[in-house]
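The values are calculated or read from the model by the stated rules, or taken from the named source; none is laboratory data. The shown structure was predicted, so the numbers you read here are calculated from the model rather than taken from an experiment. Here the Cβ is made from the backbone with ideal geometry for all residues, glycine too, and neighbour counts use every protein chain on show.
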Amino acid sequence: MEPPLFLRNLWYFALHGSRLKSGKLVQREILGEKIVFGRDRSGKPFALRDNCPHRGIPLSEGSFDGETIQCCYHGWQFNCAGSCQKIPAMAETLPNLEKIRAYAYPCEEKNGTVWVYIPENKANLEGARGTLPDLLIPADKKFLHVESFDLDGDIDHATIGLIDPAHVTFVHQSWFWRTSKGAKRKEKHFEPVGKGFRMARHKPKGSAKGYSILKGGISTEITFQIPGHRFEHIQVGETDSIVSITLLTPINETTTELNHIFYSTLGWMKFVWWPLVRLGRAFICQDVRVFRKLAKGLATNPKLMLVGDPDAQARWYFELKKQWKLAQDTQTEFVNTIQPATLRWVT
Ligand code: FES
Ligand SMILES: [Fe+2]
């Protein structure tokens, strides 16, 4: 049985916290569902299904004062948990008014990033508890930078493009990163971890000039977890670290949002900040452009293949999806079936 395109009962990155200003409602499409985000008076974010329970108009078209969302059609009022508080046209107050609800998704903010849990069954939110991804930085810290990009393509193509070593040589050729002439044979060890797999901690070497500006002993660990999260933790010397996380959120069947969030304890990075941000953006834009070309090719629905070690991580991704779906359907614990392996490729 093939797993569906979208995995549910998982947390998805929704948006950067700075986009949720007080008194503002923000509509987002995530996994094809329309969701309205806001922040209550205490600063806590919330996420509601973006349809008024009365006649379905988007709640995000209404008004919000930080406490009450008022629908723009007949003025029904809802609190930030989605419960109806008032129906202005009603001469008498309805009993059980609070039972009229806009569906509230679990929504959490962590290190300045806002996450939403997309359940398979809206009445069962058990899987949301304690399962927000570990973002690898101290609880009181915020990410320095967030950038969003839209990729033309579904979550599967976006993900296998993210964890695909072979495209790097051809898509990401640039003076600051690497050139195709320097391609070398690589050997990397992988092991299963959580809902994914990890490339064991290693010293980045040779062709990646981007690392050479960092002094001291450097090691990097790269982890991938479903539904489409890549975490890179770079240890610099004894005490410093850089965390670079790429998060894929399916918008719908044809668009996937890529968010890159970045954190560093290195004080001097502040001084090279803008050039660094621009380099990062240039790098991701290379992917954005190749995805535009890919979408043209996929429009005719060609048969595709995943071949050898360079595509092993893509095969693992589909295996993880299958196991996740199976665990949800049978209501059993997810089993990570990836086996430790050494992969070899030339990039
Ligand atoms: S549609 Fe929202 S109040 Fe009627
Ligand atoms: Fe890429």
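Which ones in the stretch 110-141 are surrounded by fewer than 16 Cβ atoms within 10 Å (Cβ to Cβ) and over 24 Å from ALA327 (Cα atoms)?
Those that are surrounded by fewer than 16 Cβ atoms within 10 Å (Cβ to Cβ) and over 24 Å from ALA327 (Cα atoms): PRO138, ALA139, ASP140, LYS141.
Taking the criterion of being loosely packed, with under 15 Cβ neighbours inside 10 Å, away from ligand 2 (no atom under 16 Å from the Cβ), farther than 26 Å from GLY32 by Cα and modelled with pLDDT of 90 or more, would at least one residue in the stretch 170-187 satisfy it?
yes
LEU258 - would you say it is within 30 Å of THR337 (Cβ to Cβ), within 19 Å of the chain's Cα centre (by Cα) and of a type in the set (A, V, I, L, M)?
Yes: the conditions hold for LEU258.
For the stretch 229-347, list the strands (runs of 3 or more DSSP E) that sit wholly inside it and hold at least 2 residues that are under 28 Å from ARG185 (Cβ atoms); which are they? Steps first, please.
Working: elements: 229-236, 240-250, 255-264, 341-346.
Result: 229-236, 240-250, 341-346.
Taking the stretch 12-67 as the region of interest, how many residues are of a type outside the set (S, T, N, Q), within 13 Å of ligand 1 (Cβ to nearest atom) and in contact with an Asp or Glu (Cβ under 6 Å, 6 or more places away or on another chain)?
Counting residues in the stretch 12-67 that are of a type outside the set (S, T, N, Q), within 13 Å of ligand 1 (Cβ to nearest atom) and in contact with an Asp or Glu (Cβ under 6 Å, 6 or more places away or on another chain) gives 3.
Just the residues that are surrounded by 14 or more Cβ atoms within 10 Å (Cβ to Cβ) and in contact with a strand residue (DSSP E or B) (Cβ under 6 Å, 6 or more places away or on another chain), please, taken from the stretch 77-97.
GLN77, PHE78, ASN79, CYS80, GLY82, SER83, CYS84, GLN85, LYS86, LEU97
Quick one: which strands (runs of 3 or more DSSP E) sit completely within the stretch 68-183 and have at least 3 residues that are within 16 Å of ligand 1 (Cβ to nearest atom)?
Qualifying strands (runs of 3 or more DSSP E): 84-86.
Residue by residue, here is whether (1) without any contact (Cβ under 8 Å) to a residue 40 or more places away in the chain; (2) in contact with a Cys (Cβ under 7 Å, 6 or more places away or on another chain); (3) outside the structural domain of ASP150 (by TED's automatic domain parsing) holds:
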{"site": "LEU5", "(1), (2), (3)": "no, no, yes"}
{"site": "GLY17", "(1), (2), (3)": "no, no, yes"}
{"site": "GLU29", "(1), (2), (3)": "no, no, yes"}
{"site": "GLY32", "(1), (2), (3)": "no, no, yes"}
{"site": "GLY43", "(1), (2), (3)": "yes, no, yes"}
{"site": "SER60", "(1), (2), (3)": "yes, no, yes"}
{"site": "GLN70", "(1), (2), (3)": "yes, no, yes"}
{"site": "PRO88", "(1), (2), (3)": "yes, no, yes"}
{"site": "LEU97", "(1), (2), (3)": "yes, yes, yes"}
